[in-house]
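First comes the structure, then the notes that go with it.
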Amino acid sequence: MNPVLTEQLLLLPDYLQGHLALTFAALGAGIALSVPLGVIAARSPRIRHPLLAVVSMIQTVPGLAILALVVALLGGQIGFVPAFIALTLYSMLPIMRNTVSGLEGVPSDVVEAARGIGLSPRQRLWKVELPLALPVVVAGIRTAAVWTVGMATLSTLVGASSLGNYIFIGIQTRNLTAVTVGSLAAAGLAIVLDALIGSLQWIAEKRAVGVAMRDLKRSTAFAAALSVLFSLALVLTLRPEPKPDFVVGGKPFTEQYILASLLTEQLEAQGLRVEQNIGMGSDIIFEAIGAGTVDLYVEYSGTIWGSYMRREGNPGRDEINRVTQRFVSEQGLNPLGLAGFQNRYALAMSRERAAQLGVSSVQDLEPLAAMLQAGGDLEFFGRSEWQRLQRLYGLDFAQELTFDAALMYTAVEAGQVDVISAYSTDGRVAAYDLLLLDDPREALLSYDALFLASAAASEDERVAAAIAPLLGAISDEAMRAANKMVDVDGRPVAEAVAYLRASLN
């Protein structure tokens, strides 16, 4: 078997376990909330429209936005809980709407007949209306199940393990095998879950009308087999696992995956049990380290200066490092020291395109910007650096497009955009023959890599011993080469980690 595929399949049990736990919990909570609310809405026209409007409005909010809002409302908590809440909210609309539609579709003469024989409203609901509305309600549950399975892949971004780990890490590292495995696993899970719910629905309906016993036995056997399969999977998701000593976090790009793996190996060498939680956004992981739900990760001085401190200007590399480390200490976080390299933003163009336009620095773009398209990563156009670039150089591009970091480089290589916000230690800069434009007015900040730790991690001597060999020991060149191994050469992250460790100063 292909070693890359083998490596991905070994990760499947853990990712699938997390995905199943989220799906079952959110879908169960969604049913428990939505069916009663649907009954109330069907009974009271006054409540129905505002209730459905609120649930519909939730559905229109992008999934990533709901996840971010839930994390913020929970005070920076990450992992299962915010993902569960967001998925539950997302599952409610089809179940509630179908419950209302199913109850409204019950023939009025049937309801009158039930009333005529003396059934109370509660008895009519349970013995007549809900049984007749059940096929429509179950159809809504089937839709919600498929939506929940798909939506659960986004939970990776808030630190909850799922099949989305395959997809996000695969996109960042250009590992199509990982993306394929994750996508097929999620699609297969959705299909099997839909088939299970559909078979149970069919059995219930056919028993009511009476069909051939042989057909019922076959369908019942199929449903039983699927039920056993999902029951076993659910038992596995509920199986308690040893609590890790520390959690290592990481943002959603290749360099962070490599550094998180390096930190994990260093901690494990000290006899510590470590869990990785990678793929989180900058704000989420910064809040998580403060809340103690992440114990160790690598942050960048420029991100702290511009995004968290909201500082303007560029006082220079040394001053930024001094002020940002003091700031994080005042926030109750614990800076353990600098890694030795910086991964700063730099505007980049393909050398061929830059030569055509006669561009070698950012100020050369001033008269040309209105005719050019710019691409940035998921954060760049909202950062203070971009505002400074606009102010100091008067940049106003014809179009500003936001990309996943991996796709951003592909876009400039293919000529879909003219300029991108590249990273100085990204191996794709050299591989794609990109020119990093000079910044004579120093609009762009320095971005020294800084080890940040939770209170618990900073007080553990074993953590200090694990981090000590890394302090000031990783050069720009070594980090760039390690990133290139993954992003360009398609090598596993483990090989890049081994290279980086061998290159330590």
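The values are calculated or read from the model by the stated rules, or taken from the named source; none is laboratory data. Computed from a prediction, not measured in an experiment: that's the story for all the values here. Methodologically, a virtual Cβ is constructed for each residue, glycine included, from the backbone with ideal geometry; neighbour enumeration extends over all protein chains shown.
Structure above, values below:
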read-out: Pick from region 382-408, criterion buried (at least 18 other Cβ atoms within 10 Å of the Cβ) and without any contact (Cβ under 8 Å) to a residue 40 or more places away in the chain, ranking: nearest to Glu366 (Cα to Cα); value: Leu395
read-out: Verdict on Ala41 being assigned to a helix (DSSP H, G or I), under 19 Å from Phe168 (Cβ atoms) and either touching a residue at least 12 places away in the same chain (Cβ under 8 Å) or assigned by TED's automatic domain parsing to the domain that holds Ala190 (or both); value: no
read-out: Residues located in region 39-63, provided they are among the hydrophobic types (A, V, I, L, M, F, W, C), touching a helix residue (DSSP H, G or I) at 6+ places or on another chain (Cβ under 6 Å) and under 27 Å from Thr153 (Cβ atoms); value: Val55, Ile58
read-out: Filter result for Gly376 (among the small types (Gly, Ala, Ser) and under 34 Å from the mean Cα position of the chain (by Cα)); value: yes
read-out: Residue in region 228-243 that is of a type in the set (Ser, Thr, Tyr), modelled with pLDDT of 55 or more and surrounded by fewer than 17 Cβ atoms within 10 Å (Cβ to Cβ) present; value: yes
read-out: One residue from Ala498, Ala494, Ala453, Ala481 being among the hydrophobic types (A, V, I, L, M, F, W, C), over 28 Å from Ile289 (Cα atoms) and in the same structural domain as Leu259 (by TED's automatic domain parsing); value: Ala481
read-out: Subset tally (residues that are farther than 10 Å from Ile258 by Cβ and either at pLDDT 90 or above or part of a helix (DSSP H, G or I) (or both)) for region 496-505; value: 3
read-out: Which listed residue is in a helix (DSSP H, G or I) and in contact (Cβ under 8 Å) with a residue 40 or more places away in the chain, from Ala422, Ala449, Ala443, Ala464; value: Ala464
read-out: Candidate set from region 82-133 (those that are more than 35 Å from the chain's Cα centre (by Cα) and among the basic types (Lys, Arg)); member that is surrounded by the most Cβ atoms within 10 Å (Cβ to Cβ); value: Arg124
read-out: Those residues of region 390-419 which are among the charged types (D, E, K, R) and assigned to a helix (DSSP H, G or I), in sequence order; value: Arg391, Glu413
read-out: Some residue of region 84-103 being over 21 Å from Val136 (Cβ atoms), of a type in the set (Phe, Trp, Tyr) and either touching a residue at least 60 places away in the same chain (Cβ under 8 Å) or touching a helix residue (DSSP H, G or I) at 6+ places or on another chain (Cβ under 8 Å) (or both); value: yes
read-out: Matching option when the condition is touching an Asp or Glu at 6+ places or on another chain (Cβ under 6 Å) and modelled with pLDDT under 90, among Ala405, Ala414, Ala374; value: Ala405
read-out: Some residue of region 321-337 being in contact (Cβ under 8 Å) with a residue 40 or more places away in the chain and closer than 25 Å to Gly415 by Cα; value: no
read-out: Matching residues, region 283-312, being free of Cβ contacts under 8 Å to residues at least 40 places away in the same chain and part of a loop (DSSP other than H, G, I, E, B); value: Met309
read-out: For Ala144: the one exception among (1) within 24 Å of Ala53 (Cα to Cα); (2) more than 29 Å from the chain's Cα centre (by Cα); (3) of a type in the set (A, V, I, L, M); value: (2)
